[in-house]
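S.K.: First the structure, which I've put down as structure tokens, then a few questions once you've had a look.
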Amino acid sequence: MYFVTNLEIMELKLTKPLAFFDLETTGINIVQDRIVEISIVKVMPDGSETVITQRINPLIPIPEDASKIHGITDEDVKDKPTFKDVAGDIATFLTDCDLAGYNLIKFDVPLLLEEFFRADIDFGLKNRRVVDVQNIFHKMEQRTLVAAYKYYCNKELTDAHSAEADTKATYEVLKAQLDKYAGVEYKDKEGLVSTPVVNNIDALSEFSYFTKNADMVGQIIFDDNGDEVFNFGKYKGKKVEDIFKKEPQYYDWMMKSDFPSYTKKVITGIKLRGFNLGK
């Protein structure tokens, strides 16, 4: 991979480690597809970095269309460890880390959580802030990682769809975004004006979300009162707890349907909370 230019960009102000990560997978179905490669760039508050990259045997065939994107075939991973083999090491490496990446909220985090569930590791998001560089990009410029890298860093990403190259490029893009949008105003759909892109992980995490998700993928979101509501289907906008009390079969349907495991964990917590309050 060859980078051009010597552009100086702002360093991140961190109060805890920030882990940039990227996944290469068998496909884009969060429940059914599997990881074939993961790369993590762990950035410490002092600016030091540690990089790990691991190919993974997904235990299912890698479709040809997926291989054409990331270049990883069944032959490449047949002797590699499974995710369950390395899940403990990955979880340990991510201890006390906030998370960052490109398209992280809709895809990489939910899929990683699914893999951890299957490996019997309770990798939670509580006390972790999540920064999605793609959402910052889309909100502020309304475009791919290759384009973002060229736009913000004036560099050519010549090894796109390599997990490590994509992860490092995402890290550089976020730092460049801090420089470009310092003091730049943003108007949201309610007409409220703010300057959201600041060197603060709390603020960047909040700005990374289009909705305040309760379950990461956005099937269950928080309303303005902080209550969990459905963000899909016939009960969209309705409080989850109220629907489960009126129609407990709707909870049963969700648990039997093809929802991510983390979504099921969230709705189970809501149902149990409502049951305990009703006692």
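S.K.: Identify, by number, the condition in (1) assigned to a helix (DSSP H, G or I); (2) within 22 Å of TYR171 (Cβ to Cβ); (3) modelled with pLDDT of 95 or more that LYS84 doesn't meet.
M.R.: Unmet for LYS84, out of (1) assigned to a helix (DSSP H, G or I); (2) within 22 Å of TYR171 (Cβ to Cβ); (3) modelled with pLDDT of 95 or more: (2).
S.K.: Looking at ILE90, ILE30, which is the one that is at pLDDT 95 or above and under 30 Å from PHE207 (Cβ atoms)?
M.R.: On the way: ILE30 fails: at pLDDT 95 or above.
When all the criteria are applied, what remains is ILE90.
S.K.: Here's another thing I want to ask about it. Given the conditions (1) farther than 25 Å from LEU99 by Cα; (2) surrounded by fewer than 19 Cβ atoms within 10 Å (Cβ to Cβ), report the number of the one that GLY226 does not fulfil.
M.R.: (1)
S.K.: Between ASN127, ASN135, ASN200, which is touching a helix residue (DSSP H, G or I) at 6+ places or on another chain (Cβ under 8 Å), closer than 27 Å to THR95 by Cα and not basic (Lys, Arg)? Reasoning before the result, please.
M.R.: On the way: ASN127 fails: touching a helix residue (DSSP H, G or I) at 6+ places or on another chain (Cβ under 8 Å); ASN200 fails: touching a helix residue (DSSP H, G or I) at 6+ places or on another chain (Cβ under 8 Å).
That would be ASN135, the only listed residue that is touching a helix residue (DSSP H, G or I) at 6+ places or on another chain (Cβ under 8 Å), closer than 27 Å to THR95 by Cα and not basic (Lys, Arg).
S.K.: Of these, GLY218, GLY183, GLY274, which one is on the phi > 0 side of the Ramachandran plot and crowded, with 16+ Cβ neighbours inside 10 Å? Reasoning before the result, please.
M.R.: Numbers: GLY183 fails: crowded, with 16+ Cβ neighbours inside 10 Å; GLY274 fails: on the phi > 0 side of the Ramachandran plot.
Result of the check over GLY218, GLY183, GLY274: GLY218.
S.K.: Being at pLDDT 95 or above and β-branched (Val, Ile, Thr) narrows it down to one of THR170, THR144, THR158, so name that one. Reasoning before the result, please.
M.R.: Values: THR144 fails: at pLDDT 95 or above; THR158 fails: at pLDDT 95 or above.
One residue alone meets the criteria, THR170.
S.K.: Here is a further query. For the stretch 211-260, name all the residues that are in a loop (DSSP other than H, G, I, E, B), among the acidic types (Asp, Glu) and touching a helix residue (DSSP H, G or I) at 6+ places or on another chain (Cβ under 9 Å).
M.R.: Initial filter on the stretch 211-260 (in a loop (DSSP other than H, G, I, E, B)): 211-212, 214-219, 223-227, 231-232, 237-238, 247, 257-260.
The next check asks that each one be among the acidic types (Asp, Glu); those that pass are 215, 223-224, 227, 247, 258.
Scanning the stretch 211-260 gives ASP215, ASP227, GLU247.
S.K.: Test each condition in (1) surrounded by fewer than 16 Cβ atoms within 10 Å (Cβ to Cβ); (2) out of contact with any Phe, Trp or Tyr (no Cβ under 8 Å at 6 or more places or on another chain); (3) more than 23 Å from GLU115 (Cα to Cα) for GLY269 and report the one that comes out false.
M.R.: Result: GLY269 fails condition (3) only.
S.K.: Since LEU204 meets every condition but one in (1) in contact with a strand residue (DSSP E or B) (Cβ under 7 Å, 6 or more places away or on another chain); (2) under 17 Å from GLU141 (Cβ atoms); (3) in a loop (DSSP other than H, G, I, E, B), which condition does it not meet?
M.R.: (3)
S.K.: Only one of these conditions is not met by LYS139: (1) part of a loop (DSSP other than H, G, I, E, B); (2) farther than 17 Å from GLY27 by Cα; (3) modelled with pLDDT under 95. Which number is it?
M.R.: Against the list (1) part of a loop (DSSP other than H, G, I, E, B); (2) farther than 17 Å from GLY27 by Cα; (3) modelled with pLDDT under 95, LYS139 comes up short only on (1).
S.K.: Another question about this same structure. What pairs come up if the first residue lies in the stretch 57-71 and is more than 22 Å from VAL146 (Cβ to Cβ), the second is surrounded by 13 or more Cβ atoms within 10 Å (Cβ to Cβ) and of a type in the set (Gly, Ala, Ser), and their beta carbons are under 8 Å apart, counting only those six or more places apart or on different chains?
M.R.: Pairs that qualify, where the first residue is more than 22 Å from VAL146 (Cβ to Cβ) and the partner is surrounded by 13 or more Cβ atoms within 10 Å (Cβ to Cβ) and of a type in the set (Gly, Ala, Ser), are PRO63/GLY27.
The values are calculated or read from the model by the stated rules, or taken from the named source; none is laboratory data. Nothing here was measured: the structure is a model prediction, and the numbers come from that model. Because the Cβ atoms are built from the backbone with ideal geometry, glycine has one as well, and the counts that use them run over all protein chains shown.
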